[in-house]
Amino acid sequence: MPKVTINGRELDVPAGTNLITAAEMADQEIPHYCYHPGLSVAGNCRMCLVEIKALSDKQNNPLPKLQIGCNTLVQEGMVVESDNPRVKEARRSVLEFLLINHPIDCPICDQAGECKLQEYYMDYGRYESRFSLGDKVHKHKVEPVGPSIMLDQERCILCTRCVRFLDEVTETHELTITERGDHSELTLAGGASVDNPYAANIVDICPVGALTNRDFRFQARVWYLDSADSICTGCATGCNIEVSSRRGSIYRLKPRANLDVNGFWMCDHGRTTHESNNAENRLQTSLVREGGQFVDVAASAAARRAAFGLKTVTSLGIVAGAGATLEEGFLAAKIQDLLGAGPRIVTSPATSDVPDDKMLISTDRFPNRRGLKALGYEEATSIDKPVDALLVLRADPVAAGGAWVEQLESLRATVVVSDRADETTGFADQVLAIGSHFECEGTFVNRDGRVQKFDAAVAPPATAVAGWQALADLLAALGGPAYDSQESILASLLDDLRDPSLVSASPSVAD
């Protein structure tokens, strides 16, 4: 690997690395606007100028002009300075050009708090403008360019990230740059609309407030939002995401870079999965049946009542949805092993009317089918062996039709573990109310066999608890082993996989 020196720090970096990435490896930042690691190099913002003191060990003389870091690859013996007075003055001049016609919108701009114009101005600018407000070139504001995207042309700095994304990633070509000079503007190409399954990614990569999400627009200031790392449950791909929330409410989902799974992107459908967190049928508390009626109880009390009813059964079947976590599937299987093993099935359909798109979207709309199969669950639409009790985990088999109603009515005990009331909960003896995946920590295995952890973003509603906690309480009440954390369950289950080959694509846990 080439050895380079950046601001006095020497390090080895892979061949073909540009200076922006090399600086990041040295825990230093070279500011930039147009460069994005998932797109081609445009080199048009000129913000990443650096001074090269030595091009290589074979040509150790300094280059007379500043060079852009995004399009300069490292060489053996290269010496670079990115924060000396000459470089800082150049960046100050670049910022002045970029801000000449920029509106004074910061107080009302959704990008405030995560805007690179603001940040770099404080780092390198701080000048008095030589341009009066009346002389600024005005362009269209509040212009809808797609079902989910709003454009403010005055804020655009013409970095072309969005244009390149639509040209290179989705290949839908909805945006372009028209006119010249200070009248250049981002606009729709040929009357198109930015309406493709990945459209909202251009909002994520916009370094300023030119492109905003119409759903998130004016909803919350970003500096008030809490952030948690999670996994998208929209399909079996398992895109890595960042969940932004405040006071128990989720405001937005954004992609989190993982080159082994989703790169830098996620689909627009995945961004809407948090909306189900506010569904009217969310379970707020656990329930037990008394005198033919459901009564609210604490989660631990419901687990004890369920254990009392299950101790007399001889064969327990498990009906799981493919949205159940590895930890939940593991604990349910442990409960089954204690009581008399019966079938354990996954009823969620493996295909849907949404086709695979050869990018991120999978026809399998569930996040953990492969993980449950690795634990010994089989795909089926019904239980064809006799059982006298069922544990239903994040599934609603009654809604799928068939003979489920007759079977549930004939059982000695039915325990439902779910985050929402549905047709199946009406047949339960006990309902353990649990949080959604946004409200629990856990693990999924995606369609490629990659094991991925996620954190809780918000707390479960009312007295509901994490899914692993409800099942751990039930297992302990039945006399099984005690688990007091998600981490301890994960450690046990990775040693207990029935079919390790299903996770062989990536045996390590991805953060």
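Every number here is computed from the coordinates shown, using simple stated rules; none is lab data. These figures come from a predicted structure and were not determined experimentally. So basically every Cβ, Gly included, is an ideal-geometry build from the backbone, and we count neighbours across all protein chains shown.
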request  = State the percent of C-alpha pairs, over all pairs in the range 256-315, separated by a distance greater than 17 angstrom.
outcome  = 65 percent
remark   = Of 253-259, 417-423, 85-91, ordering from highest average Cβ density within 10 Å down gives 417-423, 253-259, 85-91
key: Nitroxide proxy distance, nm - points 7 Å out along Cα→Cβ at ARG86 and GLU143   = 4.0 nm
query = So what's the net charge close to VAL94: Lys and Arg +1, Asp and Glu -1, counting the other residues with Cβ under 11 Å from its Cβ?
reply = +2
ask   = Under 5 Å between amide H atoms, partner at least 5 residues away or on a different chain: which partners does CYS156 have, H built in plane at 1.01 Å?
value = none
For the chain, cysteines whose Cβ has no other cysteine Cβ within reach (under 4.7 Å) = CYS48, CYS70, CYS106, CYS109, CYS115, CYS156, CYS162, CYS206, CYS235, CYS267, CYS440
ask   = What nm distance separates the two modelled labels at GLU168 and ASP499, each placed 7 Å from Cα along Cα→Cβ?
value = 3.9 nm
remark   = Rg from C-alpha atoms of the range 286-510, normalised by the globular rule of thumb 2.2 N^0.38 Å, equals 0.96
query = Whole-Hz Karplus ³J(HN,Hα) for the range 296-308, in order, using 6.51 cos²θ - 1.76 cosθ + 1.60 and θ = phi - 60°, x for Gly and Pro?
reply = 6, 9, 5, 4, 5, 5, 5, 5, 5, 5, 5, 5, 4
Computed E for GLN293/SER410 - FRET, C-beta separation, R0 22 angstrom, nearest 0.05 = 0.55
key: Pairwise label distance in nanometres, LYS58 with TYR127, each label 7 Å out on the Cα-Cβ vector   = 3.9 nm
task = Output the peptides 106-116, 127-137, 449-459 sorted from most to least packed, where packing is the average of other Cβ atoms within 10 Å over each peptide's residues.
result = 449-459, 106-116, 127-137
message = What's the ranking of 476-484, 268-276, 160-168, 177-185 by average number of surrounding C-beta atoms within 10 Å, highest first?
response = 160-168, 268-276, 476-484, 177-185
inquiry  = Suppose we look only past 18 Å in the calculated P(r) of the range 132-278. What percent of the Cα-Cα pairs does that tail hold?
reply    = 59 percent
query = What is the extension gain from ASN281 to ALA399, computed as 0.36 nm multiplied by their sequence separation minus the C-alpha to C-alpha distance, in nm to one decimal?
reply = 41.0 nm
request  = Please give every one of the lysines within straight-line cross-link reach of LYS88, meaning a C-alpha to C-alpha distance under 20 Å, and leave out same-chain neighbours fewer than 8 residues apart.
outcome  = LYS53, LYS65, LYS116
Cross-link reach list, lysines versus LYS358, counting only Cα pairs under 27 Å and skipping chain neighbours closer than eight places = LYS254, LYS373, LYS453
